[in-house]
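Okay, so here's the structure we're looking at.
The values are calculated or read from the model by the stated rules, or taken from the named source; none is laboratory data. These numbers come from a predicted model, not from an experiment. Note that each Cβ is placed from the backbone with ideal geometry, even for glycine, and that neighbours are counted across all protein chains shown. Accessible surface areas use protein heavy atoms only, side chains included; no ligands, DNA or RNA. Shrake-Rupley method; radii C 1.70, N 1.55, O 1.52, S 1.80 Å.
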Amino acid sequence: MNILFVCLGNICRSPSAEGVMRQRLEQAGLAAQVALDSAGTAAWHQGKPVDPRTRLAAQRRGYDLSLLRGRQVVVEDFHRFELILAMDANNLRDLQAMCPAHAPAEVDLYLRRYGLQPHEVPDPYYGGEEGFEQVLDLLEEAADRLLADIRGRL
């Protein structure tokens, strides 16, 4: 199974989602069966590392995001990934607009898909430290539900 997490710039929310889920899969012994990646709908941060505030918040919880680099979603992603999970409605709309007809990927809003409120992961980029912690709280809960979904599919 292949899963792609998507936000706007791919330096805060989507790499955090990837890091949290990667750890969940490793702990569950499923890392070899599920490929993860993250990307942004915008190209602003291609090749750049994860935002330092994001890395620090993740590191405090035991997630290593140091090797992740920003990239932009490409059309091929809709054929490579079975599940593409957007962090907010704007990114979901952008993904739906670029999704080729008959592409096999399921494209959905990450939190909504797993019955969580709020339905969107807020962008912490312009806020304070608490925003990065809130993002991780939401992503950890979503990852637990995604893991249950993966177990049901494998």
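Would you mind getting the accessible area per residue of the chain, heavy atoms of the protein chains only, 1.4 Å probe, in Å²?
Accessible surface, normalised per residue, equals 47 Å².
How would you order 111-117, 82-88 from highest to lowest mean count of nearby Cβ atoms within 10 Å?
Sorting 111-117, 82-88 by mean packing, highest first, produces 82-88, 111-117.
Summarise the accessible area of the stretch 27-114 (1.4 Å probe, protein heavy atoms) by the percent that is carbon and sulfur.
52
Could you work out the relative contact order of the chain, using alpha carbon pairs under 8 angstrom and six or more residues apart, expressed as a whole percent?
It comes to 27 percent, rounded to a whole number.
Out of residues 5 or more away from F5 or on other chains, whose amide H comes under 5 Å of its own, with H placed 1.01 Å from N in the peptide plane?
For F5, whose amide H was placed from the backbone, the distant partners under 5 Å are D37, S38, A39, L85.
Just add up the charged neighbours of V6: K/R +1, D/E -1, any other residue whose Cβ is under 11 Å from the Cβ of V6.
-4
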